[in-house]
Amino acid sequence: MRVGHAQRTDDGWLTGTTVVLAPDAGVVAGVDSRGGAPGTRETDALDPKNVVERIHAVVLTGGSAFGLDSASGVMAWLEEQGRGVPVGADPSQVVPVVPAAVIFDLGRGGRWQARPDAALGRKAVEDAAGTEPGAPVAEGCVGAGTGAVVGGLKGGIGTASTRLASGAVVAALVAVNAAGSATDPETGVLYGELTGGRPHYPSEDEHTEARMLLSEAKEETARRRAGTLRPTLNTTLAVLATDAELTRPQAQRLAGSGHDGLARAIRPIHLMHDGDTIFALSTAERPLEGAEFNDLLAAGADVLTRSVVKAVRAAEGVDGPGGVFPAYRDLYDSPSPQD
């Protein structure tokens, strides 16, 4: 699988699209959406009781429901490549299956109408197609993470992976954009580093100053955007991927376990103005043996927690017409991101 990003940050824009591109034959997929405000496309097709066996790409995008248009650009590109579900005698007669989910980032660049469309989706999938296999995935303020915010701090894209004893790989990609916080308000430590990581605890003075700066940033953001928004609207999106052979119900279960990882790294999570959605993908290259599925579920949650930490640490602050969103690195003199 390959990952591509496309984004715009000029002329009132602060948004983008990320595409996870499957191999030609597609991948087994599952999905689990939580929170009160999901914005999705083609997720019903992933229900194990329905007919779709494999999908061809996943789109994570900004722009709220408007951003779902970006999936059309991905579908068009896949059709041109002859990749999709065959539906006719001619090999070109295919229907690509492209589930998508959105974050809310409208107006964060200053222009309410600046949102991903089919053209930006095409750019993201072309970026994915041109990526060398095994190349590092760009993190931070790219793709769907371009306009992401978490608890007033700048959010973004983060990735992490692990290899099980069997050799199977489990990887996560997340676009962190939440009403909740990724940091403990009492200490400034990243929640995701409290479980399995080596947390960095800021000094009391450093944390006091950071809280003051974050409060000022939130006040200035509210002033610049006065009258444009109701309560904070967000949503965190993620993709878990593995080369282990999964059935469709197993993929759905893996997506569900990913929410455990989100809950460790962002608090509170799954609120009424979140639409947190996790996709799980399997290339089905490596047979799953014995009780290994339990290990896979645990690893999925773990890598998702780590990917949230990496997203927050990789993000860069933004000070623009749509608001002031400082980065964690702007507020805390902390070590470099842990892999």
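To keep it simple, each residue is scored yes or no on (1) under 11 Å from residue 15 (Cβ atoms); (2) assigned to a strand (DSSP E or B); (3) open to solvent by less than 60 Å² (accessible area, probe 1.4 Å).
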| site | (1), (2), (3) |
| --- | --- |
| 60 | no, yes, yes |
| 68 | no, no, yes |
| 104 | yes, no, yes |
| 108 | yes, no, yes |
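For segment 115-140, a residue qualifies if it is within 18 Å of residue 70 (Cα to Cα) and either open to solvent by less than 50 Å² (accessible area, probe 1.4 Å) or modelled with pLDDT under 95 (or both), and the qualifying residues are 115, 116, 118, 120, 121, 124, 125, 128, 129.
Kindly check whether there is at least one residue in segment 7-15 that is open to solvent by less than 60 Å² (accessible area, probe 1.4 Å), in contact with a helix residue (DSSP H, G or I) (Cβ under 6 Å, 6 or more places away or on another chain) and at pLDDT 95 or above. No: zero hits. Evaluated against (1) farther than 18 Å from residue 330 by Cα; (2) open to solvent by 40 Å² or more (accessible area, probe 1.4 Å), residue 144 falls short on exactly one condition, (2).
Condition check: part of a helix (DSSP H, G or I) and either in contact (Cβ under 8 Å) with a residue 40 or more places away in the chain or within 22 Å of residue 273 (Cβ to Cβ) (or both). Does residue 160 satisfy that? Considered against the rule, which asks whether it is part of a helix (DSSP H, G or I) and either in contact (Cβ under 8 Å) with a residue 40 or more places away in the chain or within 22 Å of residue 273 (Cβ to Cβ) (or both), residue 160 comes out as no.
Summed over segment 74-102, the residues that are open to solvent by 40 Å² or more (accessible area, probe 1.4 Å), part of a loop (DSSP other than H, G, I, E, B) and among the hydrophobic types (A, V, I, L, M, F, W, C) give a count of 2. Evaluation of residue 112 against the conditions (1) farther than 20 Å from residue 14 by Cβ; (2) open to solvent by 40 Å² or more (accessible area, probe 1.4 Å); (3) assigned to a loop (DSSP other than H, G, I, E, B) shows that the sole unmet condition is (1). The residue that is nearest to residue 324 (Cα to Cα), among those in segment 200-251 that are of a type in the set (Val, Ile, Thr) and at pLDDT below 95, is 221. Residue count for segment 299-320, restricted to those that are open to solvent by 50 Å² or more (accessible area, probe 1.4 Å) and over 17 Å from the mean Cα position of the chain (by Cα): 1.
Of all residues in segment 321-328, one or more are buried (at least 17 other Cβ atoms within 10 Å of the Cβ), more than 24 Å from residue 39 (Cα to Cα), aliphatic (A, V, I, L, M) and touching a helix residue (DSSP H, G or I) at 6+ places or on another chain (Cβ under 9 Å). Selection within segment 29-56: residues that are open to solvent by less than 20 Å² (accessible area, probe 1.4 Å) and assigned to a loop (DSSP other than H, G, I, E, B). The member of this set that is modelled with the highest pLDDT is 56. For segment 256-281, a residue qualifies if it is part of a loop (DSSP other than H, G, I, E, B), out of contact with any Pro (no Cβ under 7 Å at 6 or more places or on another chain) and not hydrophobic (A, V, I, L, M, F, W, C), and the qualifying residues are 268, 270, 274, 276. When each of 189, 174 is tested for being among the hydrophobic types (A, V, I, L, M, F, W, C), over 30 Å from residue 75 (Cβ atoms) and open to solvent by less than 10 Å² (accessible area, probe 1.4 Å), the lone residue that passes is 189.
Scanning segment 282-297 for residues that are of a type in the set (A, V, I, L, M, F, W, C) and either assigned to a loop (DSSP other than H, G, I, E, B) or open to solvent by less than 10 Å² (accessible area, probe 1.4 Å) (or both) yields a total of 3. Select from segment 16-25 the residues that are in a loop (DSSP other than H, G, I, E, B) and surrounded by 21 or more Cβ atoms within 10 Å (Cβ to Cβ) and list them in ascending order. The answer is 22, and nothing else.
The values are calculated or read from the model by the stated rules, or taken from the named source; none is laboratory data. These numbers were taken from a predicted model, which means no experiment stands behind them. Cβ coordinates were reconstructed from backbone atoms using ideal geometry, including for glycine residues, and neighbour counts include every protein chain displayed. Surface accessibility is based on the protein's heavy atoms, side chains included, excluding ligands, DNA and RNA. Shrake-Rupley method; radii C 1.70, N 1.55, O 1.52, S 1.80 Å.
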